[in-house]
There are 2 protein chains.
Amino acid sequence: MEKIAVGTNFFIPMPVVLVGTQVNGKDNFMTVGWCSRANANPPMIVCGIGDHHHTPRGITRAKTFSVNIPSSAMLEKTDYCGLVSGADVDKSKVFEVFYGALRTAPMIRDCPVALECRLVQAVGLPTNTLFIGEISGAYADPAVIKGGKPDFSAIDPLLLTMPDNTYWQLGKVAGKAWNAGLTFKKGTQEM
Amino acid sequence: MEKIAVGTNFFIPMPVVLVGTQVNGKDNFMTVGWCSRANANPPMIVCGIGDHHHTPRGITRAKTFSVNIPSSAMLEKTDYCGLVSGADVDKSKVFEVFYGALRTAPMIRDCPVALECRLVQAVGLPTNTLFIGEISGAYADPAVIKGGKPDFSAIDPLLLTMPDNTYWQLGKVAGKAWNAGLTFKKGTQEM
């Protein structure tokens with residue numbers, strides 16, 4: 001297939017999470033799509049957040065934050081937390097909050113999964129900062145844990161694509177990782 | 001809902017990309033799930049890659065890499081690139097390759113989207129390195145660009161969840177971002 005050049009401001013598919021912080025003593029939540037695991041052992045997560053946002057002030061001061069995975073049923077409140085800034089609006093009453101061992105990383109009781117993170121490093125980039133946190137606690141609804149493992153059909157997370165600004169649910173299972181390529185691997189070995 | 005503590009090695013939903021590098025003069029591709037946008041302007045992307053892999057050698061030497069988005073139709077070859085290491089197996093012939101302006105970031109012609117990146121910074125963590133690259137070129141199949149914008153239904157990307165090791169396609173549209181929360185916002189203003 002021949003390719004055409006498109007704009008470099010390209011967005012790969014994103015998980016949708018709510019980052020929880022305490023800013024000036026108030027719980028605050030921000031919708032974030034630029035979030036990924038960062039380190040295997042100890043488990044770390046990275047969030048790329050624009051420097052103009054309210055959330056970085058909380059992370060920088062408390063050195064903690066939470067990463068909450070909302071289910072698709074929480075779409076309206078999740079999107080709301082990306083529509084308004086904690087600098088203008090008090091978002092501390094949007095969700096019922098609970099705390100883990102870190103005490104300064106508010107987590108959302110209605111989210112099927114909530115991770116509390118201790119800030120390890122902040123990497124300043126031109127317009128954003130990468131906040132790298134070690135996952136020091138992970139909490140889940142018993143209903144989304146099957147046989148000791150998270151069941152992502154039950155978690156029912158949201159994905160985001162841009163610039164069409166569309167939230168998606170998970171769809172069909174396409175295959176199994178570290179497995180779907182075995183037939184192709186066998187073929188290469190027979191060549 | 002009451003929460004239970006689960007293992008901290010928790011994996012949020014991941015986009016599936018193929019990271020392209022030149023290692024010792026050979027094109028190599030690795031399946032990566034820990035990838036996210038990192039900076040808004042200029043556009044940057046971050047990939048968290050385990051230090052034991054072959055790919056970091058190529059990125060560190062050439063200071064370039066590519067991020068290719070495979071469609072679900074490419075599942076077998078995509079998974080294969082996560083099953084075998086370029087240290088053991090020559091993956092240069094798995095895909096038809098093309099190059100952009102960077103000359104050392106091999107891109108995959110069959111992928112609907114390919115981004116070439118110039119390494120900006122490498123952040124060493126205990127077991128992984130975050131490779132932060134500026135997207136200096138973006139290439140797409142004309143068939144996945146509608147009205148000048150990427151059409152993610154047409155791109156048909158893969159998502160990955162762990163530890164169930166499941167690849168998923170995008171599913172139902174759940175709503176529109178910066179829009180689905182407007183009704184909730186209106187409600188808060190009337191309180």
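The values are calculated or read from the model by the stated rules, or taken from the named source; none is laboratory data. Just so it is clear, the model here is predicted, and its values are computed rather than measured. In this analysis, Cβ positions are derived from the backbone assuming ideal geometry, glycine residues included, and neighbour counts consider all displayed protein chains.
When each of B:A180, B:A174, B:A154, B:A143 is tested for being exposed (fewer than 14 other Cβ atoms within 10 Å of the Cβ) and either in contact with a Lys or Arg (Cβ under 9 Å, 6 or more places away or on another chain) or not basic (K, R) (or both), the lone residue that passes is B:A143. All conditions in (1) out of contact with any Pro (no Cβ under 7 Å at 6 or more places or on another chain); (2) within 25 Å of B:P15 (Cβ to Cβ) hold for A:P126, with the sole exception of (1).
Among the residues here, B:G133 does not qualify as at positive phi, assigned to a strand (DSSP E or B) and not aromatic (F, W, Y). Within the span defined as the stretch A:182-189, every residue fails to be assigned to a loop (DSSP other than H, G, I, E, B), among the small types (G, A, S) and more than 29 Å from B:G147 (Cα to Cα). If we scan the stretch B:131-146, do we find a residue that is over 28 Å from A:K176 (Cβ atoms), modelled with pLDDT of 95 or more, of a type in the set (S, T, N, Q) and in contact with a strand residue (DSSP E or B) (Cβ under 9 Å, 6 or more places away or on another chain)? Yes, the stretch B:131-146 contains at least one residue that is over 28 Å from A:K176 (Cβ atoms), modelled with pLDDT of 95 or more, of a type in the set (S, T, N, Q) and in contact with a strand residue (DSSP E or B) (Cβ under 9 Å, 6 or more places away or on another chain). For first residues located in the stretch A:113-133 and more than 30 Å from B:I4 (Cβ to Cβ) and facing chain B (nearest Cβ under 7 Å), partners that are of a type in the set (S, T, Y) and in a strand (DSSP E or B) and lie 6+ apart or on another chain with Cβ distances below 6 Å do not occur.
Taken over the stretch B:138-148, the criterion of being facing chain A (nearest Cβ under 7 Å) and not aromatic (F, W, Y) is satisfied by B:A138, B:A140, B:D141, B:P142, B:I145. For the stretch A:39-59, the criterion of being under 23 Å from B:A114 (Cβ atoms), in a strand (DSSP E or B), without any contact (Cβ under 8 Å) to a residue 40 or more places away in the chain and in contact with a strand residue (DSSP E or B) (Cβ under 6 Å, 6 or more places away or on another chain) is satisfied by no residue at all. When the stretch A:1-38 is limited to residues that are assigned to a loop (DSSP other than H, G, I, E, B) and in contact (Cβ under 8 Å) with a residue 60 or more places away in the chain, the one that is surrounded by the fewest Cβ atoms within 10 Å (Cβ to Cβ) turns out to be A:F11. With respect to the conditions (1) over 30 Å from B:H52 (Cβ atoms); (2) within 10 Å of another protein chain (Cβ to nearest Cβ); (3) of a type outside the set (S, T, Y), A:R61 falls short on a single one, namely (2). Out of the residues in the stretch B:149-178 that are part of a loop (DSSP other than H, G, I, E, B), at the interface with chain A (Cβ under 7 Å from one of its Cβ atoms) and under 18 Å from A:T166 (Cβ atoms), which is nearest to the chain's Cα centre (by Cα)? Result: B:A177. Taking the condition touching a residue at least 60 places away in the same chain (Cβ under 8 Å) and surrounded by fewer than 24 Cβ atoms within 10 Å (Cβ to Cβ), does A:F65 pass? It is false that A:F65 is touching a residue at least 60 places away in the same chain (Cβ under 8 Å) and surrounded by fewer than 24 Cβ atoms within 10 Å (Cβ to Cβ). Specify the residue that is farthest from the chain's Cα centre (by Cα); the eligible residues are those in the stretch A:66-112 that are more than 9 Å from chain B (Cβ to nearest Cβ) and part of a strand (DSSP E or B). For the stretch A:66-112, the residue satisfying everything is A:V97.
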